1. Quick one: what pairs do we get from the range 79-92, first residue at positive phi, second open to solvent by 50 Å² or more (accessible area, probe 1.4 Å) and outside any loop (DSSP other than H, G, I, E, B), C-beta under 8 Å, 6+ apart or different chains?
2. Suppose the filter is open to solvent by 50 Å² or more (accessible area, probe 1.4 Å) and modelled with pLDDT under 85; does Asp78 pass it?
3. hydroxyl-bearing (Ser, Thr, Tyr) and at pLDDT below 70: does that describe Ser112?
4. Using the structure shown, decide if Pro53 is open to solvent by 20 Å² or more (accessible area, probe 1.4 Å), in a loop (DSSP other than H, G, I, E, B) and not hydroxyl-bearing (Ser, Thr, Tyr).
Amino acid sequence: MTRVGLGQDGQQGAELDLDALHGAGYTPNERWDEARGTALYWTVGAPGLDEGPWTHGLVVFWRMADGWHCAPFNPNGDPDRNAARPLSLDPVASPAALADLLPRLLRGPIHSLRQT
């Protein structure tokens, strides 16, 4: 089972079960982890992006300071930091809450999401 740890300073935190995302057809192409944050990347050609608004890709990231966010990729293939937006998730939301939100996020623009 592949997991992305969301811990801080060596403390065990929440974990996102990437196998559950794979089973739903939303496996990220890449991930990045460190003590105070994690990021999941969906790049051009990733399952789930072909029908959504994220033409160049999407990054979903968690920062210890302010929780979950997303940002589209620009035409050069880099995250557009100026377009980053918070997700409608509690900063310490359960992994299940993120797994529930991801399919809706990948299919539609950020403003279409409602607090769950």
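1. From residues that are at positive phi, there are no pairs.
2. Answer is no for this residue.
3. Working: hydroxyl-bearing (Ser, Thr, Tyr): yes; at pLDDT below 70: yes.
For Ser112, the condition - hydroxyl-bearing (Ser, Thr, Tyr) and at pLDDT below 70 - is met.
4. Considered against the rule, which asks whether it is open to solvent by 20 Å² or more (accessible area, probe 1.4 Å), in a loop (DSSP other than H, G, I, E, B) and not hydroxyl-bearing (Ser, Thr, Tyr), Pro53 comes out as yes.
The values are calculated or read from the model by the stated rules, or taken from the named source; none is laboratory data. Everything numeric in this text was worked out from a predicted model, so none of it was measured. Neighbour counts run over all protein chains shown; Cβ positions are idealised from the backbone, glycine included. Ligands, DNA and RNA are excluded from the accessible area calculation, which covers all protein heavy atoms including side chains. Shrake-Rupley method; radii C 1.70, N 1.55, O 1.52, S 1.80 Å.
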